[in-house]
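Encoded as structure tokens, the structure appears first; notes follow it.
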Amino acid sequence: MNMPQLIWESNRKEQCVKLNMNMAWFTRDRPGKDEPEDSGERHVRTEGLWLKCDSCGQIVWKKALDENLQVCPKCGFHFRLDARSRLDLLFDEGKFEEFDVNLASNDPLEFVDSKTYKERLALMKESTSMNDAVISAAGSLEGRRVHICALELKFIGGSMGSVVGEKITRAIERSAHDRVPLVIVSASGGARMQEGAISLMQLAKISAALMRLDEAKIPFISVMTDPTTGGVTASFAMLGDLNIAEPGALIGFAGPRVIEQTIRQKLPEGFQRSEFLLQHGFLDAVVQRADLKRYLAESFDFFLA
Ligand SMILES: [Zn+2]
């Protein structure tokens, strides 16, 4: 066991004693709630029966959270939702058809950081049962056929590499071809550094495809969830006919700490959160998770009337 782990262990014990908690009943949340992190696993851990809400600090019964679409029943805080649950929520009866399931990255740069990119991909495939960070699907939403792409934050931070770029581009082209509206639900740290400039090219590729969709007059609604940052914000997430977000989502290009360090100024309260961005004209709406499906259906009725 290395040192940081030892320190973590001792903190954990100290906290238990302080709070007089039985650890088997609780999951421990991370220290800082503003830090976007790679795995996205901080919010919904399933080993305990109870968990502590990141926002109100109250103890919530996990089952109550599951029944409430992973929204805190006490304060309305939106916990992160994985891609598959998102699609289950949006498609009628949770039924959908998946596309391009077998597309996978071939590690064009033979990239190595703390481990090789190949190893990282293999680990991610195992833990998420996905080949990359997006599910591209079609089905019906309140009776209307739609294409929905949902990014998976647990897969290398929902980062956009060649596979995410290609799957989203194909979904856009399919939408244009079938004349079916498109929804992309983002949850991403941005472009995938392990694919370098190839990741960045996806921004242009997707943006060009979206322009053709626009010319075909097919509506595209971008749904931003916590967090939507970097190259994803800089491309498709902000290019919707409607750009909407879930409450409290971190949305931006660079993170608040990077900006603060660069401009050497304290940023205002709630900076880069959905509500702040709505107030300042960056978003068209902030929509509660429970209302999302209805909102999308009504928007498409409006666009396609
Ligand atoms: Zn809460």
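Brief remarks on what is shown
- Per-atom-type breakdown for segment 151-305 gives carbon and sulfur 58% of the accessible area (1.4 Å probe, protein chains only).
- Check: segment 261-301 dipole with +1 on Lys, Arg Cβ and -1 on Asp, Glu Cβ, in debye: 300
- Segment 50-191 shape via C-alpha gyration tensor axes, a/c threshold 1.5: oblate
- Peptide packing for 197-208, 251-262 was compared via the average number of neighbouring C-beta atoms within 10 Å per residue; ordered from the highest value, the list is 197-208, 251-262.
- Contact order normalised by residue count of segment 50-196, Cα under 8 Å, 6+ apart, percent: 21
- Cut-off 9 Å between beta-carbons: net charge of the residues surrounding Leu141, Lys and Arg +1, Asp and Glu -1: +1
- Working from label points 7 Å from Cα in the Cα-to-Cβ sense, the Glu119 to His280 distance is 4.0 nm.
- Residue-level accessible surface for Asp241, protein heavy atoms, 1.4 Å, Å²: 70
- Cα gyration tensor category, rounded, prolate or oblate, for segment 146-305 with a/c compared to 1.5: oblate
- For segment 207-282, the solvent-accessible area of protein heavy atoms averages 49 Å² per residue (probe radius 1.4 Å; ligands and nucleic acids excluded).
The values are calculated or read from the model by the stated rules, or taken from the named source; none is laboratory data. Note that the structure is a prediction, hence the values are computed from the model and not measured. No Cβ is skipped: glycine too gets one built from the backbone with ideal geometry, and neighbour counts run over all protein chains shown. Ligands, DNA and RNA are excluded from the accessible area calculation, which covers all protein heavy atoms including side chains. Shrake-Rupley method; radii C 1.70, N 1.55, O 1.52, S 1.80 Å.
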